[in-house]
Amino acid sequence: MKLKTGLMGTIAALALGLGMAQAEGVKVGMITTLSGGGAGLGVDTRDGFLLALKQAGDAAKGIELIIEDDQQKPDIAVQIADKMIQSDQVDVLTGIVWSNLAMAVVPAAVGQGKFYLSTNAAPSALAGAGCNPQYFSVSYQNDNLHEAAGAYASGAGIDKTFIMAPNYPAGQDSLAGFKRFYTGEVVNEVYTQVGQTDYAAEIAQIRASDADAVFFFLPGGMGIAFMKQYAESGVGKPVIGPAFSFSQDILPAVGDAALGVKNTAQWAKDLDNAANKAFVEGFQAEYDRLPSLYAAQAYDTANLLISASAKADVGDTEAFRAALAAADFASVRGKFRFGPNQHPIQDIYVREVVKEGDVLTNKIIGTAMTDRGDAYADQCKM
């Protein structure tokens, strides 16, 4: 396996003890966020993917990985994708965290005959009419975790909810998903700016509302800023979120304000299966921290790629696509399969933020949805 990422790639290769010898196989371009406020998400994406390659040993020798930082900017992501496709001649692209970047990159990439395997971003536009035979989401469809939060809130008897998300494709999918399964009253629906750090106005709106609870989707630094300010405000209305707002990578920064918060995810570190145990223990040993949802999804994506490359040559498009669609790998989620639009069908859980010793983390307390696909599959005409 070859890593080609400038100084960062050299350091990663040395840390993993990997040789730099060229091998025939699959050339992969990872575009992810490694700087700025969203860097933690991209770092976990990168590290989860690299761990899977390392653990696979000889099975991953034919995979060459190039990693670039998109800086959370769509124009930079497009420039990197163009370079990877035209100059580096990658076979597969992966790694994008943010849906607006995915929408800027994925349609053009698959239009040029490249495979795209999503480790995270999975906007509704790519699940329905915009689906493509060479696009696979290994994570979810953007609405899924929010749908599960809506189902949980309904089951918990929460009658009135204030809902909030950033104004970009994943944020719009988020609130649409929550409302799809929430049977109570949405008292206010607020869209914030992407990258916003001051939530005084939104917290004032929450305080003035008659909501029984708050549902919000604010990934990365946005969620950290909101939760800190919300805790300091003393508003006190219970908070519900998807896993992104209470992911392992941000819990240390949020602190005890997150304790007791319910959030929804298709993965948690306490899922009881052999693949997840190997992943969690391996990640802690390799990086000296607990993995996040982003790391888990990237780890599964790498293992899906390894399984497909063992069965088919990436140059045989139909055979490679069929090998990917078979999803013949041991997922950290346990059972895993693709639906007709090549998005997962999977269980989604309710987690609670707890403290284990001095470490904030999540534990599963229930199942919100079983074998959930997505709301757009019937619009996909593949």
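The values are calculated or read from the model by the stated rules, or taken from the named source; none is laboratory data. The structure displayed is predicted, hence computed values, not measured ones. Ideal geometry is used to build each Cβ from the backbone, glycine not excepted, and the neighbour counts take in all protein chains shown. Accessible surface is based on the protein model in full, side chains and every heavy atom, while ligands, DNA and RNA are left aside. Shrake-Rupley method; radii C 1.70, N 1.55, O 1.52, S 1.80 Å.
Some observations on this one:
- Answer residue from the stretch 359-380, given it is under 21 Å from Ser139 (Cβ atoms), touching a residue at least 24 places away in the same chain (Cβ under 8 Å) and among the β-branched types (Val, Ile, Thr) and is surrounded by the most Cβ atoms within 10 Å (Cβ to Cβ) among those: Thr361
- Considering residues of the stretch 219-237 that are part of a loop (DSSP other than H, G, I, E, B) and without any contact (Cβ under 8 Å) to a residue 60 or more places away in the chain only, the residue least open to solvent (accessible area, probe 1.4 Å): Val235
- The requirement of being among the charged types (D, E, K, R), crowded, with 21+ Cβ neighbours inside 10 Å and touching a Ser or Thr at 6+ places or on another chain (Cβ under 8 Å) is not satisfied by Glu64.
- Among the residues of the stretch 310-331, the ones that are among the polar types (S, T, N, Q) and either in contact with a helix residue (DSSP H, G or I) (Cβ under 8 Å, 6 or more places away or on another chain) or closer than 23 Å to Ser245 by Cα (or both) come to 1 in all.
- As for the stretch 213-224, it holds no residue that is modelled with pLDDT of 95 or more and over 12 Å from Ala149 (Cβ atoms).
- Enumerated helices (runs of 4 or more DSSP H) restricted to the stretch 240-358, each holding at least 1 residues that are free of Cβ contacts under 8 Å to residues at least 24 places away in the same chain and among the polar types (S, T, N, Q): 274-287, 293-311
- Subset of the stretch 132-164 that is over 30 Å from Gly113 (Cβ atoms) and part of a loop (DSSP other than H, G, I, E, B) - its residue that is least open to solvent (accessible area, probe 1.4 Å): Ile158
- Scan of the stretch 104-131 for residues that are touching a residue at least 24 places away in the same chain (Cβ under 8 Å) and surrounded by fewer than 21 Cβ atoms within 10 Å (Cβ to Cβ), ordered by number: Ala104, Pro107, Ala108, Val110, Gln112, Gly113, Ala125, Gly128, Ala129
- Boolean, Gly17 is more than 19 Å from Asp288 (Cα to Cα) and modelled with pLDDT under 95: no
- Output for the stretch 207-218, where each listed residue is polar (S, T, N, Q) and assigned to a helix (DSSP H, G or I): none
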